[in-house]
Amino acid sequence: MAPDMSPDPRTVHTTTTTRRRMEPTRKIALAGGIAYLVTFAASIPQLKLFADVIADPAGYISNPGGNAAVQWGSVLELLTAASGVATAVVLYPVTRRVSRSAAIGFVTSRVVEAALIMVGVVSILSVVT
């Protein structure tokens, strides 16, 4: 009789990798950090894109030229407003542990900030039209 050549199930090594699960608080912190980075990354180029309009609005309107810089700046402003609100919404569960009223105040202040940014975007876009 031939010996059984099947491997012993106790000695078989599996090649599956095990991934460590990220803690919920760490996920929240990572998402909040990414939202903050997007806020800063989107807001910095706006200074250059809006420079001509801010320096001389009447001259910008009267001179022919492209509006692409202002339009791209407006898109970045919208991204800044959205990511600003996202930072507060994502971090709400963490800040709520410290103080519910402070957490709601943080979200509210970011929503008001986003609304004011939107007013600025509408104002800048009115120069384009």
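Among the residues making up the range 21-64, those that are in a helix (DSSP H, G or I), closer than 18 Å to residue 123 by Cβ and not small (Gly, Ala, Ser) are 46, 47, 49, 52, 53, 54, 57, 60, 61. Counting just the residues of the range 36-56 that are open to solvent by 60 Å² or more (accessible area, probe 1.4 Å) and over 30 Å from residue 104 (Cβ atoms), which one comes out modelled with the highest pLDDT? The residue in question is 48. Mind listing whichever residues of the range 70-114 are under 30 Å from residue 52 (Cβ atoms), open to solvent by 40 Å² or more (accessible area, probe 1.4 Å) and either without any contact (Cβ under 8 Å) to a residue 12 or more places away in the chain or not aliphatic (A, V, I, L, M) (or both)? 71, 72, 75, 112, 113 - these are the residues of the range 70-114 that are under 30 Å from residue 52 (Cβ atoms), open to solvent by 40 Å² or more (accessible area, probe 1.4 Å) and either without any contact (Cβ under 8 Å) to a residue 12 or more places away in the chain or not aliphatic (A, V, I, L, M) (or both).
Given the structure, is residue 112 in a helix (DSSP H, G or I), at pLDDT 95 or above and hydrophobic (A, V, I, L, M, F, W, C)? So residue 112 passes the test. The number of residues in the range 115-129 that are assigned to a helix (DSSP H, G or I), open to solvent by 80 Å² or more (accessible area, probe 1.4 Å) and modelled with pLDDT under 95 comes to 1.
The values are calculated or read from the model by the stated rules, or taken from the named source; none is laboratory data. It should be emphasised that the depicted structure is a prediction, and the values quoted were computed from it without experimental measurement. Neighbour counts run over all protein chains shown; Cβ positions are idealised from the backbone, glycine included. Side chains are part of the model used for accessible areas, which takes the heavy atoms of the whole protein and leaves out ligands, DNA and RNA. Shrake-Rupley method; radii C 1.70, N 1.55, O 1.52, S 1.80 Å.
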